[in-house]
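Student: There's a structure below that I have some questions on.
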Amino acid sequence: MREKPRDIERLQHIQAAVDDILEFVESKTFSDFQTNKMLRHAVYRNLTIIGEAANLLTKEYRDTHSFIEWAKIIGMRHVLVHGYYEADDNIVWRTITTDLPLLRKSIASLI
């Protein structure tokens, strides 16, 4: 039987997904994001990976590292997966440009 991924591995999944998103949108504009279906889908997919990995961190780990807004990260994943029709490109773009670089730094410090 395979061992379940540990918290550190979940953090590595988050880090990889953040890195992918930041690479995908490098030198892109909001207009590029809105009009490029493949780019938008790639970003949304990686945001769901980030949210799922955050959700699968142990509660103890999330509680101990509460300076990261885990509930918001997980909440965005829920919207993208279950309420995809409610996803707002403006909010997603602001998340990419403002929140993800900060999240990247926080996750790197934890790893």
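Only the coordinates and a few stated rules stand behind these numbers; no lab work does. Please read these numbers as outputs of a predicted model, since none were measured by experiment. Ideal geometry is used to build each Cβ from the backbone, glycine not excepted, and the neighbour counts take in all protein chains shown.
Student: Just for region 1-44: of the residues that are basic (Lys, Arg) and either over 23 Å from residue 79 (Cα atoms) or without any contact (Cβ under 8 Å) to a residue 24 or more places away in the chain (or both), which one is surrounded by the most Cβ atoms within 10 Å (Cβ to Cβ)?
Tutor: 28
Student: Taking residue 28 as meeting all but one of (1) outside any helix (DSSP H, G or I); (2) farther than 22 Å from residue 11 by Cβ; (3) touching a helix residue (DSSP H, G or I) at 6+ places or on another chain (Cβ under 6 Å), write down the number of the exception.
Tutor: Every condition holds for residue 28 apart from (3).
Student: Given the criteria of a type outside the set (Phe, Trp, Tyr) and touching a residue at least 60 places away in the same chain (Cβ under 8 Å), does residue 103 qualify?
Tutor: yes
Student: Can you list residue pairs whose Cβ atoms sit under 9 Å apart, with the first residue in region 65-78 being more than 15 Å from residue 108 (Cα to Cα) and the second being among the β-branched types (Val, Ile, Thr) and surrounded by fewer than 17 Cβ atoms within 10 Å (Cβ to Cβ)? Count only pairs 6 or more apart in sequence or on different chains.
Tutor: 76/91
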